[in-house]
1. Looking at segment 128-162, which of its residues are part of a strand (DSSP E or B) and open to solvent by less than 30 Å² (accessible area, probe 1.4 Å)?
2. Taking the residues in segment 112-127 that are open to solvent by 40 Å² or more (accessible area, probe 1.4 Å) and not in a loop (DSSP other than H, G, I, E, B) as candidates, determine which candidate is nearest to LEU71 (Cα to Cα).
3. With the structure loaded, tell me whether VAL34 is more than 17 Å from the chain's Cα centre (by Cα) and either modelled with pLDDT under 90 or open to solvent by less than 70 Å² (accessible area, probe 1.4 Å) (or both) or whether it fails that test.
4. Do we have any residue at all in segment 98-109 that's closer than 25 Å to TRP15 by Cβ and of a type in the set (A, V, I, L, M, F, W, C)?
5. So for segment 124-131 (the condition being without any contact (Cβ under 8 Å) to a residue 60 or more places away in the chain and touching a helix residue (DSSP H, G or I) at 6+ places or on another chain (Cβ under 9 Å)), does at least one residue qualify?
6. Against the conditions (1) under 26 Å from LEU37 (Cβ atoms); (2) touching a residue at least 12 places away in the same chain (Cβ under 8 Å); (3) more than 16 Å from the chain's Cα centre (by Cα), where does MET120 fall short? Just the number, please.
7. Cβ-Cβ below 7 Å, separation at least six or inter-chain, first residue in segment 52-77 and of a type in the set (Lys, Arg), second part of a helix (DSSP H, G or I) and at pLDDT 90 or above: which pairs?
8. If a residue must be open to solvent by less than 40 Å² (accessible area, probe 1.4 Å) and farther than 21 Å from SER128 by Cβ, how many such residues does segment 41-66 contain?
Amino acid sequence: LNKKCVIKEQLVSIWLPTMNIDVVPWRKVNNDGVINLWDNQSKTRTQTNIVRHKNIISQDGDKDVIRLLKLWKIEHNIDIKSFALELLSINALRSCTSTWLWDKLRHVWRYITEKDIYSMQIIDPSNSSNNIMNSIDDLAKQMLKDQSFLALTRPYWWEIIW
């Protein structure tokens, strides 16, 4: 890929910025969805389960909130994996009682600004020794926190998402 495209190596993937896609090399372990990913930071393999991830996001995640958060993340150049953002929103929304989309989004942003995301642990549901928050560097965590704070201060959708 490096010979054909501009790439950026990430923790477990290669990002192709001109196409805005991630290429995630992995090795299948079994037929139940268990795979090994290469971790560029620790130079070791990390075991996970993509099928289980998809099921958790579809069962526990609020699809509308997740879609808007992903759009917000892209529009504000927040370098965080979608899976980490999905699990972060699921954790945040566990304590949200509102059914209104706007309230739920604000709840997620408030959660991010109020929590210590530098030491926070969000454990991979498929691998208890894999803290998903370790996949986000401190600069990206600060950007996530700063943009969440800004989102809470702006009154209109178009000022927040776009």
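The values are calculated or read from the model by the stated rules, or taken from the named source; none is laboratory data. These figures come from a predicted structure and were not determined experimentally. As a convention, Cβ positions derive from the backbone with ideal geometry for all residues, glycine included, and neighbour counts pool all protein chains shown. In case anyone asks, the SASA skips ligands and DNA or RNA and just uses the protein heavy atoms, side chains included. Shrake-Rupley method; radii C 1.70, N 1.55, O 1.52, S 1.80 Å.
1. Residue satisfying the conditions is ASN131 alone.
2. GLU114
3. Details: more than 17 Å from the chain's Cα centre (by Cα): yes; either modelled with pLDDT under 90 or open to solvent by less than 70 Å² (accessible area, probe 1.4 Å) (or both): yes.
The answer is yes for VAL34.
4. Our first condition is that a residue be closer than 25 Å to TRP15 by Cβ; within segment 98-109, this holds for 108-109.
Imposing the further condition that a residue be of a type in the set (A, V, I, L, M, F, W, C) reduces the set to 108-109.
Yes, because at least one residue in segment 98-109 is closer than 25 Å to TRP15 by Cβ and of a type in the set (A, V, I, L, M, F, W, C).
5. Going residue by residue through segment 124-131, those that are without any contact (Cβ under 8 Å) to a residue 60 or more places away in the chain are 128-129, 131.
Next, only the ones that are touching a helix residue (DSSP H, G or I) at 6+ places or on another chain (Cβ under 9 Å) stay: none.
No, that holds for no residue.
6. (3)
7. Once the first residue is of a type in the set (Lys, Arg) and sits in segment 52-77, its partners that are part of a helix (DSSP H, G or I) and at pLDDT 90 or above give LYS70/LEU85; LYS73/LEU85.
8. Pass one, segment 41-66, residues open to solvent by less than 40 Å² (accessible area, probe 1.4 Å): 46, 48-49, 53, 56-57, 61-62, 65-66.
Checking the rest, the ones that are also farther than 21 Å from SER128 by Cβ come to 62, 65-66.
Residues in segment 41-66 being open to solvent by less than 40 Å² (accessible area, probe 1.4 Å) and farther than 21 Å from SER128 by Cβ: 3 in total.
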